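**Student:** Quick one: the structure is below, and I'll ask about it shortly.
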Amino acid sequence: MRGRSWLLRTAVLAYVGALIALPLYFVFQRMLAHGFGAFARALGDHEMDSALWLTVRVALLAVPLNVIFGVGVSLWIVRHPSSLSRLIDTLVDLPLAVSPIVIGLSLELAYAQNGWLGRPLASWGLHLMFNYWAIVMASIYVSIPLVSRQVIPLLREVGTHQEQTAQTLGAGSVRIFFTVTMRSLTWATAYGVTLTLARVIGEYGAVLIVSGNVAYVTETLTLNIGNNFDNFSPDQGFVGAGLLALSSIFVLLVLGLARHRERLRHEYRP
Amino acid sequence: MRPVFSRSLRFTSVVAIGAICVAGFVPASGASTPTTTVNVVGYSVLKAAYAAVETAFQATPAGAGVGFTNSFGASDTQTQNVANGQAADLVNLSYVPNIQTLVTAGKVPASWARQEYVFAHVNATLTGAKAQTTFPTPGIVTNSVVTFLVRQGNPLKIKTWSDLVKPGVQIVTPNPLTSGSAHWNILGAYASQLQIGKSGTQARAYLKEFLSHTVAQPSSGSASLAAFVAGTGNVLITYEDDARAAVNAGDQVQIVTPPQTFLIQNPVALTLNGLSKPAAVNFYKYLFSAAGQGIFASLGFRSVLSSIWAATKSQFPARNTSSALWSVTNINKQGWTFVNPFLFSPNVTFVKGSSTDPLVGVATYYEQFAGSGS
Amino acid sequence: MAYFSLVVLIPAAALVTHAFAHGFGSWWSSLTQRESLSALRLTIACAAGAALVNTVAGTATAWILVRDRFAGQSILNALIDLPFALPTVVAGVTFYTLYGPHSPLHVNVTGTWVGITVAITFVTLPFNVRAVQPLLESRTFHAEAAAATLGASSWRVFRTITLPVLAPAILTGTGLAFARALGEYGSVVFISNNLPYRTQVASSYVYSLATSGQVDAAAAVSTGLLILALAVLASVNLVSRRVARSQ
């Protein structure tokens, strides 16, 4: 077994190294290819900074909304099983199967000025396409399942006896939610939130369609990277790419921590 | 543990709600708020040109305090977005049918090309007969021609359109479904054969060869240039102004002017929104003024203003600066009305009994041979 | 619930309506246009190829993460999630620069199915690993130990005892990976060169239809893709539910 495991280990490490570690290293290498001075200057590029700020603003709205929805719908699906909740369970997973381009297209069909909802909304002066709100909607759409997929299995596992105990001891339902329910869900929710954040700041295809690509106004950081490559400033593009890669590493660390804490919680269960 | 936990959760939710309220309503950090904003939507290669023209305009009295938002991308994509409601005051697109799409969509007035109509809104001095002589092609803000871009030193010795279909030649041209530049390239390819006396059938056969040699079809003109400069293919078909921008930027490429080429005419129009904004109308006028046209000329475009053209003619290859350049009306008297569906209709209709020779959608039909040659 | 329908359900309904706006016949003909068929063929082939490679590689990776001990194991574990965390456009431009013209490794797979498959392999590896890993972690390998003392080789042990238990999870991972790969855009579009009929993936084809005014055709091809992906996901759901029941 020892000899075989050495071979397997090397093969897997080589595969993952070539496939995953190498491109990651390459992004950073390219980011700093012209020295730290050029990198610092590129960080001050107005268009990229504006794109970065837009991405942050989108995340500030989309992530909390999706977390609230994700935890809420998970509780409903697990605690109130019915054929409707089973249907919603499947539908919530829908965005996982859909290409971001298709997501962008369906949002545009619904909310553009001549779309289903777009037309009535426009007559009231509300525009939800080719602007900040469209990007937020697209970000919400692509990341809707990410929290519930972590929380639902956990809820099923944990069951309700802790809540029932608290109830018999006289606690109100809000208190029960925040102190009992959420406590057992903490790390699963953290895992889901982190995945949601990563997905929202990294969305490209859907935003490409719904944003209108207006520089400094609806150009997210991912769009900015793509634009820089298309307008032959790849070095600037790699600086943006490097920033996003750095945030990905941060995400990986949080995910690892969440997984580790979940495993600890598992091992200490009676 | 319990009360502390719920308190911190409450605190976090308050902060989150506060963040949400702030996030939606804080615009991107920027300079002082302008008094009025002009929304420009253009095709992909205009980005640098408009940066220059807008800055120059803002230095004039009419442009003081005017802010701009800019969106540049593949011409057909931009057209669709504006038709679907994207905010736009001024649209500078790649070819005339794009503007006509916007007229049909109700965004641009049908009289978009008549300057008298436009200028009458701001009491301009340049109206009527005078306008006709100074602007030979109403509504067209810049001219260019179709040209080749090859690697430095021209290793494959590409000089003419027939060289493009030799073995080993890999052509880069954008995707005709989304890009205006692609339309011009295919027009250039098709017309080049007509110009050397070939028949329509032979020109179509050439188009098939041409498309079979493409190795990449990025979504826009500027994306194609980026792909070519990054190493894809060995010849790029593009606007002359974009090719010159690449050479001026110091890339290892050189321009090859084919003996037959095609006149590219880029239209500009004020939308119905734009017509009611004096700043937008003034900017439109500026584009056609000597100052504005001078900036375009310095960036490799061919001016439509006769005075500027006379002054800058010498920087363009002598062989295609004459007025005998082929344009859309040389292919068919009806111009775009015939040519656009004939070459680019997405629905290919076949001549009865001849399944290999389509009646319309010629270029779309031959797309299926893309990449099969070379 | 209003939140969910506003953002997801209504746009989905709009998509389906536009897809069938001119009847089932025109939906079918949009889906079976030559360009559409070749894009679908290419996408399915590359997705299947990548899913197959990752089925083996993913299981192997999960195995050494659970059953082995070596330095840097936690780094490997974290790294597996990178394709989940990294934006697709970053992966896309990186692959184009790393494996394209001017590649520091002197390989050029732009405009080939190889390039597309490599990009998809990157994006889908985590699905395969994370599908199998929890099962391996909770497994107590007693049966394997017993078989080993009876003289079976480790490969035979794996093949006859472990693999059947893992099989549903492996299939789940492969199914998820495949469904995801069908719609992949950002990481693939740069390296593919986007040549119609040759290296244009389905999502890119839908994009060009959508942005050139042919929205009904775009919606038609989109619903075709969606139906395919949903069919794969539904079978995955079925399998994993059977697994949950048997445990």
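**Student:** I'd like to know if the range A:204-215 contains one or more residues that are hydroxyl-bearing (S, T, Y), farther than 27 Å from C:I75 by Cα and at pLDDT 90 or above.
**Tutor:** So far as the range A:204-215 goes, yes, one or more of its residues are hydroxyl-bearing (S, T, Y), farther than 27 Å from C:I75 by Cα and at pLDDT 90 or above.
**Student:** Tell me yes or no: at least one residue of the range C:91-107 is away from chain B (no Cβ under 14 Å), aliphatic (A, V, I, L, M) and assigned to a helix (DSSP H, G or I).
**Tutor:** Within the range C:91-107, one or more residues are away from chain B (no Cβ under 14 Å), aliphatic (A, V, I, L, M) and assigned to a helix (DSSP H, G or I).
**Student:** Could you please find all residues in the range C:171-208 being surrounded by 20 or more Cβ atoms within 10 Å (Cβ to Cβ), of a type outside the set (S, T, Y), part of a helix (DSSP H, G or I) and more than 9 Å from chain A (Cβ to nearest Cβ)?
**Tutor:** Once the filter is applied, which keeps residues that are surrounded by 20 or more Cβ atoms within 10 Å (Cβ to Cβ), of a type outside the set (S, T, Y), part of a helix (DSSP H, G or I) and more than 9 Å from chain A (Cβ to nearest Cβ), the range C:171-208 yields C:G173, C:G175, C:A177, C:F178, C:A181, C:V188, C:I191.
**Student:** Consider B:K166 against the criteria (1) within 14 Å of chain C (Cβ to nearest Cβ); (2) touching a His at 6+ places or on another chain (Cβ under 9 Å); (3) surrounded by fewer than 21 Cβ atoms within 10 Å (Cβ to Cβ): it satisfies all of them except one. Which criterion is unmet?
**Tutor:** Looking at each condition in turn, B:K166 falls short on (1).
**Student:** A:V16: crowded, with 19+ Cβ neighbours inside 10 Å and among the β-branched types (V, I, T), yes or no?
**Tutor:** So A:V16 fits the description; yes.
**Student:** Considering only residues that are among the hydrophobic types (A, V, I, L, M, F, W, C), in contact with a helix residue (DSSP H, G or I) (Cβ under 6 Å, 6 or more places away or on another chain) and assigned to a loop (DSSP other than H, G, I, E, B), which ones fall in the range B:166-223?
**Tutor:** If the condition is that a residue be among the hydrophobic types (A, V, I, L, M, F, W, C), in contact with a helix residue (DSSP H, G or I) (Cβ under 6 Å, 6 or more places away or on another chain) and assigned to a loop (DSSP other than H, G, I, E, B), then B:L177 is the only one that fits.
**Student:** Still on this model: Kindly indicate whether C:T160 is more than 20 Å from A:R199 (Cα to Cα), at the interface with another protein chain (Cβ under 8 Å from one of its Cβ atoms) and assigned to a helix (DSSP H, G or I).
**Tutor:** So C:T160 does not fit the description; no.
**Student:** Which of the residues spanning the range A:228-245 are in contact (Cβ under 8 Å) with a residue 24 or more places away in the chain and closer than 15 Å to C:T88 by Cα?
**Tutor:** Of everything in the range A:228-245, those that are in contact (Cβ under 8 Å) with a residue 24 or more places away in the chain and closer than 15 Å to C:T88 by Cα turn out to be A:F238, A:G240, A:A241, A:G242, A:L243, A:L244, A:A245.
**Student:** A follow-up question, please. Does the range C:216-247 hold any residues that are buried (at least 24 other Cβ atoms within 10 Å of the Cβ) and of a type in the set (V, I, T), and which are they?
**Tutor:** Matches in the range C:216-247: C:V221 only.
**Student:** Considering B:K333, B:K313, which residue is modelled with pLDDT under 90, under 30 Å from B:A59 (Cβ atoms) and not hydrophobic (A, V, I, L, M, F, W, C)?
**Tutor:** It is B:K313.
**Student:** Read through the list (1) under 15 Å from the mean Cα position of the chain (by Cα); (2) within 30 Å of B:H183 (Cβ to Cβ), then give the number of the only condition that C:L209 fails.
**Tutor:** (1)
**Student:** Pairs please, first residue from the range A:117-133 and at the interface with chain B (Cβ under 7 Å from one of its Cβ atoms), second anywhere and assigned to a helix (DSSP H, G or I) and among the polar types (S, T, N, Q), Cβ atoms under 8 Å, 6+ apart in sequence or on different chains.
**Tutor:** As it stands, the answer is A:F130/B:N81, since those pairs meet every condition given.
**Student:** Hey, among the residues in the range B:176-229 that are over 26 Å from C:H102 (Cα atoms) and free of Cβ contacts under 8 Å to residues at least 12 places away in the same chain, which one's surrounded by the fewest Cβ atoms within 10 Å (Cβ to Cβ)?
**Tutor:** Restricting to residues being over 26 Å from C:H102 (Cα atoms) and free of Cβ contacts under 8 Å to residues at least 12 places away in the same chain, the top hit is B:G197.
**Student:** So, one more: Please determine, by comparing only the residues of the range B:80-133 that are farther than 30 Å from B:A182 by Cβ, of a type in the set (S, T, Y) and surrounded by 14 or more Cβ atoms within 10 Å (Cβ to Cβ), which one is modelled with the highest pLDDT.
**Tutor:** So the residue we want is B:Y117.
**Student:** Given the conditions (1) of a type in the set (A, V, I, L, M, F, W, C); (2) assigned to a helix (DSSP H, G or I); (3) buried (at least 21 other Cβ atoms within 10 Å of the Cβ); (4) more than 10 Å from chain C (Cβ to nearest Cβ), report the number of the one that A:V102 does not fulfil.
**Tutor:** The single condition A:V102 does not satisfy is (4).
The values are calculated or read from the model by the stated rules, or taken from the named source; none is laboratory data. Because the structure is a prediction, the values reported are computed rather than measured. All Cβ positions, even for glycine, are placed from backbone atoms using ideal geometry, and neighbour counts span all protein chains on display.
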